[in-house]
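Asker: Right, I'll just put the structure down here and ask away after.
The values are calculated or read from the model by the stated rules, or taken from the named source; none is laboratory data. In this text the structure is predicted, and so the values were computed from the model without any measurement. Cβ coordinates were reconstructed from backbone atoms using ideal geometry, including for glycine residues, and neighbour counts include every protein chain displayed. Calculation scope for accessible area: heavy atoms of the full protein, side chains included, ligands and nucleic acids excluded. Shrake-Rupley method; radii C 1.70, N 1.55, O 1.52, S 1.80 Å.
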Amino acid sequence: GEYFTQSAWDLKDPWIGDVRFSGLLGGIELVKDRESKEVLPYQTVAALKDRLHADGMLLTISGMHKNVLRLQPPLTITAAQLDSFVASLKTNLEAVRAEQ
């Protein structure tokens, strides 16, 4: 969980408002503006989720405002597999943002 959390923060993506994990169960909260914590619209989060699914990443959307990528990989996940997810996240955050 600590590795996953740090890897997500290391992206320094403006849409990542918070990264929360308890062990490997966690979420990445997506915001339009980090300072105000304005919620990223559901349609944008859904577009990102769909792109991540197309890359073979399994996740769901959750949260009160439907702006949290919910992650719960198996305990047997490797650092290389986590790195693959983070790389896909980076690429797809940039792609969705470019479409805005």
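Asker: Six or more apart or on different chains, Cβ atoms under 7 Å: show the pairs whose first residue is in region 59-83 and touching a residue at least 12 places away in the same chain (Cβ under 8 Å) and farther than 14 Å from THR5 by Cα and whose second is in a loop (DSSP other than H, G, I, E, B) and of a type outside the set (A, V, I, L, M).
Answerer: none
Asker: What about LEU48, is it in contact (Cβ under 8 Å) with a residue 24 or more places away in the chain, touching a strand residue (DSSP E or B) at 6+ places or on another chain (Cβ under 8 Å) and farther than 15 Å from ASP13 by Cβ?
Answerer: no
Asker: With respect to ALA87, determine if the residue is part of a helix (DSSP H, G or I), free of Cβ contacts under 8 Å to residues at least 40 places away in the same chain and either aliphatic (A, V, I, L, M) or closer than 18 Å to LYS32 by Cβ (or both).
Answerer: Spelling it out, ALA87 is indeed part of a helix (DSSP H, G or I), free of Cβ contacts under 8 Å to residues at least 40 places away in the same chain and either aliphatic (A, V, I, L, M) or closer than 18 Å to LYS32 by Cβ (or both).
Asker: Residues of region 64-100 being closer than 13 Å to GLY27 by Cα and at pLDDT below 95, which ones?
Answerer: GLN72, PRO73 - these are the residues of region 64-100 that are closer than 13 Å to GLY27 by Cα and at pLDDT below 95.
Asker: Taking ASP13, is it within 18 Å of GLU99 (Cβ to Cβ), charged (D, E, K, R), open to solvent by less than 80 Å² (accessible area, probe 1.4 Å) and within 14 Å of the chain's Cα centre (by Cα)?
Answerer: Criteria met by ASP13.
Asker: On to the next question. For residues that are over 18 Å from ALA95 (Cα atoms) and among the small types (Gly, Ala, Ser), scanning just region 18-59, find the one that is surrounded by the fewest Cβ atoms within 10 Å (Cβ to Cβ).
Answerer: If we take residues in region 18-59 being over 18 Å from ALA95 (Cα atoms) and among the small types (Gly, Ala, Ser), then SER22 is surrounded by the fewest Cβ atoms within 10 Å (Cβ to Cβ).
Asker: On to the next question. Just give me the residues in region 60-81 being surrounded by fewer than 16 Cβ atoms within 10 Å (Cβ to Cβ) and not in a loop (DSSP other than H, G, I, E, B), in sequence order.
Answerer: Within region 60-81, THR60, SER62, ARG70, ALA79, ALA80, GLN81 qualify.
Quick grid of which residues meet (1) assigned to a strand (DSSP E or B); (2) modelled with pLDDT of 95 or more; (3) among the small types (Gly, Ala, Ser):
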| position | (1), (2), (3) |
| --- | --- |
| TYR3 | no, no, no |
| ALA8 | no, yes, yes |
| ASP13 | no, yes, no |
| GLY17 | yes, yes, yes |
| PHE21 | yes, no, no |
| GLY27 | yes, yes, yes |
| LEU30 | yes, yes, no |
| GLU35 | no, no, no |
| GLN43 | no, yes, no |
